[in-house]
């Protein structure tokens, strides 16, 4: 699979899902969407589609929707979507022309907020609350991106052969968690704690998790010093480690 | 070698209440190391696979017999034996004397010492299939040389190896996906499942006249998984196929060598490879490895240019000669497996008395040991860590090694530790597992 395709899958399935957490943890975002009752579909030719379902002050991001979308944002190619994420292109609204106000004024405010949390800098990282939200999003992004890379990236596909029957959980001690499990020919990602994880990568604190996930900490050193704990089938963690490192190749 | 054994007696001391170790100096030194050495301790000595690493020593200070002491002064009965090289026990007097004597005469010199010929003669006399010997430093040096010789001899490119098999750290050995390995590095490597002759036949059929060599360990001993012996007739069929199709049969006896059969592990399983690789136990901790081969490949081996700055060091050769003589004198493989059988079958019974199944696979001299009650391995990892922190050095990810210096006293102490830890885990988890 080519670079643009994989990158677009990461944008669709690993980045956009962060809106769920954004509107849960960030008061500004929460306030923005509190009255929204709308389903927005991102549809990318030859890559896939995703639904953002806003209702009752919450957002759920799904590949399938129980209802028809109110708005469809169409992208003619994976590269088109990627350009939009770089701020260099706009989607084609296929449905929801009557909701132009929503699309041009309200929705961009939400995506700006998402961008704020996904692009940390030293100043922002001085804010504890920011660090927490950024960590939750980075952790979730890592696992959702891992799924896509295991399915489509050449090194990921190779690693996928080594993690048959796997279930890997990443969590912060007494904090946020998510896990990925291999199911049939694909992988499923879930937010929250697994009941009986088979492999665990646990960060002792939010700060450690943030440094680790943002590539500021060497994995071996972090594990050996106890800042990051691994247990269970650590051979699976070994196998996916080079794949996780590739997330930055697509999203940095 | 059957892992089930009858008549093993064990006992545990009711007074035993082993204390757990602390590793303040190890941790402190590791912090210094992190500043100047990538990941502090790189490679297979990295603490990263220990669960948790904080319950293991990171740095050793000294060693003797079957024990080593870390820099915090903690003493361990060593069931990893430096990951295999220590076979007679640390600081074996005859081996050290031979090395020191040679060292005082000359070690790294402008020409090889006479000892190189002495060692080659003794090694080819010891290993049944060997007509010649070539010396290097590490196991990976000679597995790589074996592949080069196979390619030079056949004029072919492709090498067949076993999935999960370990032959060193050169890119072709590590496999695509590992850091620093590119697709082209493994373009001519074909991997098949262990014990699967049919797959080998299919690979031969799919690559007519293209396979230079087949490389595998005498039995399958991957990390993170149980060891597996060859099925009946496996090696004999592989030998037949290699002969029939002009494929060089390479045995990586680096880990098993001298722990199954003094004449080479191929003898143990009843077949004759074309090339066999040795390291680890060959010199009881001194740096040397060897590739041995059949006469038919000697001329080609001579043509392959392969060397290293320290490969002609005479002292490790003297150590290897002394080690091999001692291994033959005590018939080490038989002794090591006898010690291992007593130790591990006793441990099995202790664990069973707490409701834990201790599964032992591979040879008793280097088994993979695993508590099976928890499918996530976390119970097993905790058990290994708690035993280590009480003085019996166990790892959860790699096969263990037994050396000839393990005494009955060591075994008794190990059993006591195992009993203490099983008791602790049972108290902690009840009947959860």
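Bear in mind these aren't lab numbers, they're just calculated from the coordinates by the rules spelled out. Small disclaimer: the values here were computed from a predicted structure and weren't measured. Heads up, the Cβs are rebuilt from the backbone with ideal geometry, glycines too, and the neighbour counts pull from every protein chain shown.
The packing ranking of peptides B:84-91, A:52-59, A:182-189, highest mean first, is B:84-91, A:52-59, A:182-189, where packing means the average number of other beta carbon atoms within 10 angstrom of each residue. Among DSSP bridges having both ends in the protein assembly as shown, what percentage is antiparallel? Round to the nearest 5. Around 65 percent of the beta bridges assigned by DSSP in the protein assembly as shown are antiparallel ones.
For chain A, the longest principal axis of the C-alpha atoms and the axis of helix A:128-152 are separated by about 90°. Estimated from helices alone, the mean residue ellipticity of chain A at 222 nm is -12000 deg cm²/dmol (sum of -39500 (n - 2.57) over DSSP H runs with n ≥ 4, per residue).
Using the empirical formula 2.2 N^0.38 Å as the baseline, the Cα radius of gyration of region A:124-251 reaches a ratio of 0.99. Averaged over the residues of peptide A:147-156, the number of Cβ atoms from other protein chains lying within 10 Å of each residue's Cβ is 1. Peptide packing: for B:326-338, B:277-289, B:294-306, A:129-141, the average count of neighbouring Cβ atoms within 10 Å per residue gives the ranking B:277-289, A:129-141, B:326-338, B:294-306, highest mean first. Beta bridges per DSSP, both residues in region B:93-329: antiparallel share near 40 percent.
Of all beta bridges that DSSP places with both ends in chain A, some 75 percent have antiparallel geometry. Computed over region A:124-251, relative contact order equals 27 percent, with contacts defined as Cα pairs under 8 Å that lie 6+ residues apart.
Rounded to the nearest 0.05, what FRET efficiency do residue B:408 and residue B:359 give with R0 = 25 Å and r taken as the Cβ-Cβ distance? Could you check? Mind dumping the intermediate values first?
Working: r = 24 Å, r/R0 = 0.97.
It comes out at approximately 0.55.
Neighbouring Cβ atoms from other chains, within 10 Å of the Cβ of residues in A:226-235, number 6 on average. Summed over qualifying helices (DSSP H, 4 residues or more, each -39500 (n - 2.57)) and divided by its residue number, chain B shows a 222 nm mean residue ellipticity of -11500 deg cm²/dmol. Largest GNM mean-square fluctuation among A:87, A:232, A:156, using chain A with Cα springs under 10 Å: A:87.
If you take the square roots of the eigenvalues of the alpha-carbon gyration tensor of chain B and sort them as a ≥ b ≥ c, do you get rounded (a/c under 1.5), prolate (a/b over b/c) or oblate?
Prolate.
Gyration tensor over the Cα atoms of the protein assembly as shown: the corresponding equivalent ellipsoid has semi-axes (square roots of 5 times the eigenvalues, largest first) of 52, 31, 22 Å.
Per residue, the convex hull around the alpha carbon atoms of region B:244-286 comes to 64 Å³. Compared with the dominant principal axis of the Cα atoms in chain B, helix B:408-429 is inclined by about 60°.
So what's chain A giving for Rg/Rh, alpha carbon basis, Kirkwood Rh from the mean inverse pair distance?
0.96
Could you work out the relative contact order of region B:80-183, using alpha carbon pairs under 8 angstrom and six or more residues apart, expressed as a whole percent? RCO, region B:80-183: 12 percent. In the elastic network of chain B, a GNM with C-alpha springs shorter than 10 Å, the most mobile of B:70, B:232, B:252 is B:232.
Normalised by the number of residues in chain B, the mean separation of alpha-carbon contacts (under 8 Å, six or more apart) gives a relative contact order of 25 percent. Exposure proxy for B:12, A:23: other Cβ atoms within 10 Å of each Cβ, ordered fewest to most, give B:12, A:23.
Taking every residue in A:237-248 and counting other chain Cβ atoms within 10 Å of its Cβ, the average works out to 2. Counting every other Cβ atom within 10 Å of each residue's Cβ, B:183, A:122 order from fewest to most as A:122, B:183. What do you get for the angle between helix B:332-353 and the principal long axis of chain B? Use alpha-carbon atoms, 0 to 90 degrees, nearest ten. It is inclined by approximately 40 degrees.
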